[in-house]
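Take a look at the structure below.
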Amino acid sequence: MSSDSFDALTIDKSSRSAPRRKNAYRTRLILGLIVLLAVAAAGTLFRNRPVTIESATVSLLYPTQSFTLLNASGYVVAQRKAAVASKITGRMEWLGVEEGSRVTAGQIIARLENKDLEAALRQAGAAVQNAKAMREQARAEYADAEKSLQRQKELLASGIVSQADFDIAEARFKRASAASVGAEAGIAVASAAQQGAAISLEYSLIRAPFDAVVLTKNADVGDIITPFGAAANSKAAVVTIADLASLQVEADVSESNLAQIKQGQPCEVTLDALPGSRFKGVVHAIVPTADRSKASVMVKIRFLQKDPRIFPEMSAKVAFLQREAGANESTARIVLNPAAVVSRDGRSGVYLVTGETVRFTPVTVGAKLGDLAEVTGLKSGDKVALKPLDRLKDGSRITFPEKK
């Protein structure tokens, strides 16, 4: 076999290396692209990962809280309260009030059946008229007897009539005089009886003893009303009323804190029923006795302004102040932790939490109130990010630490 034949059988390695180099280059390019995509994806995931933050709540603060000496709790109590009842026994035939009705002193609020008492009053009135008529008759008899006695005296002096005739005229005069006095007494007796009948009739009319508001209705038309409610199915009190002008807060103060309280001390009262309102008050009295079971002393706080929204038995909290609040210290302020305020592009603001993200919200920072700062641009109850502020921006996703 010739050398040309062997050369023809030799493999040409150069023709095979070119495709291999091309395939290796393509593989490296693909791997590089995959790595770049992985790095980009990792960066995107890292950037979109929620930031775990600590938050603070925007709150409502009254300036008086900075000079409050002591806090206590209690209830609103009417100092003038009455269970209105009748002095006599009877069936109630009319009731003119209900819960919440305002009544004035002397106003008739209920009436018992009183037809018999009205008849007794009319009878007593007739007896007075009869007594007055009897007095007029006695006066006429007295006047006639007086004139007759005077004539008999003149005739006796002239010797025309006997002493016996004069004695008869004198006796008649004395009887007429006594009858006149008796008639006057009869009028007094009849008038007293009439007054008694009028009082009995008045007892059937149940009146309000003072200006007040009806708190409860304890009886209704048809109920038997008795002074003591001893009979079966009878009622003693018709309504319970309270003078809302006499409302005060009765709060229990611990004996150990009593030295911080004095009569006339300014206070602020908050009611659970009216959480957004504060009422000015003053210490009215310190009750001079202690409750040994609670080791406390009752303190009464008088409201300086009346408010129709305040009712008896409302739960109240009292702040005893070191001094009286000024005119600019009665308004609530919106405050937050000043550490939540950041500066972005020359503007002060906070990262307001809105669901799972935060939004940069511009605010204006005001005066310091203790450890907090007054701000405008937010409302009470808003939640803002506190830490870490350097990792946040407008729209950042957030999460909160897991509760242990």
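Against the list (1) under 19 Å from Glu324 (Cβ atoms); (2) more than 17 Å from the chain's Cα centre (by Cα); (3) not hydrophobic (A, V, I, L, M, F, W, C), the condition Ser296 fails is (1).
Name the one entry in Val353, Val365 that is β-branched (Val, Ile, Thr) and within 21 Å of Pro401 (Cβ to Cβ). None of the other options fit; the residue is Val353. Of the strands (runs of 3 or more DSSP E) lying entirely inside the stretch 200-291, those carrying at least 1 residues that are over 30 Å from Asp116 (Cα atoms) and either in contact (Cβ under 8 Å) with a residue 12 or more places away in the chain or touching a helix residue (DSSP H, G or I) at 6+ places or on another chain (Cβ under 7 Å) (or both) are 212-217, 237-242, 247-254, 266-271, 274-291.
Yes or no: Leu205 within 28 Å of the chain's Cα centre (by Cα) and either over 30 Å from Ser296 (Cβ atoms) or among the aliphatic types (A, V, I, L, M) (or both)? Judged against the criteria, Leu205 is not a match.
The number of residues in the stretch 365-380 being more than 15 Å from Tyr62 (Cβ to Cβ) and among the hydroxyl-bearing types (Ser, Thr, Tyr) comes to 1. How many residues are at negative phi and surrounded by fewer than 17 Cβ atoms within 10 Å (Cβ to Cβ) when one looks only at the stretch 159-182? So the answer is 15. Only residues that are among the charged types (D, E, K, R) and part of a strand (DSSP E or B) were counted across the stretch 335-369, and they come to 4.
Residue-level check: of (1) of a type in the set (Val, Ile, Thr); (2) more than 30 Å from Leu247 (Cβ to Cβ); (3) at pLDDT 75 or above, Val35 misses just (3).
Residues that are over 17 Å from Tyr203 (Cβ atoms) and surrounded by 17 or more Cβ atoms within 10 Å (Cβ to Cβ) within the stretch 61-100 comprise Leu61, Tyr62, Pro63, Thr64, Leu70, Ala72, Gly74, Val76, Val77, Ala78, Val97, listed in sequence order.
Can you tell me which of Asp345, Asp291, Asp272, Asp307 is among the acidic types (Asp, Glu) and over 30 Å from Ser246 (Cβ atoms)? Residue meeting the stated conditions: Asp345.
Reported count of residues in the stretch 335-383, each being touching a helix residue (DSSP H, G or I) at 6+ places or on another chain (Cβ under 6 Å) and over 22 Å from Ser66 (Cβ atoms), is 2.
The criterion of being of a type in the set (Phe, Trp, Tyr), in a strand (DSSP E or B) and surrounded by 15 or more Cβ atoms within 10 Å (Cβ to Cβ) holds for Phe320. Scanning the stretch 102-147 for residues that are crowded, with 18+ Cβ neighbours inside 10 Å and small (Gly, Ala, Ser) turns up Ala110, Ala120, Ala124, Ala127, Ala131, Ala138, Ala145.
Is it true that Arg122 is more than 60 Å from the chain's Cα centre (by Cα) and among the charged types (D, E, K, R)? When the stated conditions are applied, Arg122 does not pass them.
The values are calculated or read from the model by the stated rules, or taken from the named source; none is laboratory data. Just so you know, these numbers come straight off a predicted model, no measurement behind them. Quick reminder, even Gly has a Cβ in these numbers, built from the backbone with ideal geometry, and neighbours come from all protein chains shown.
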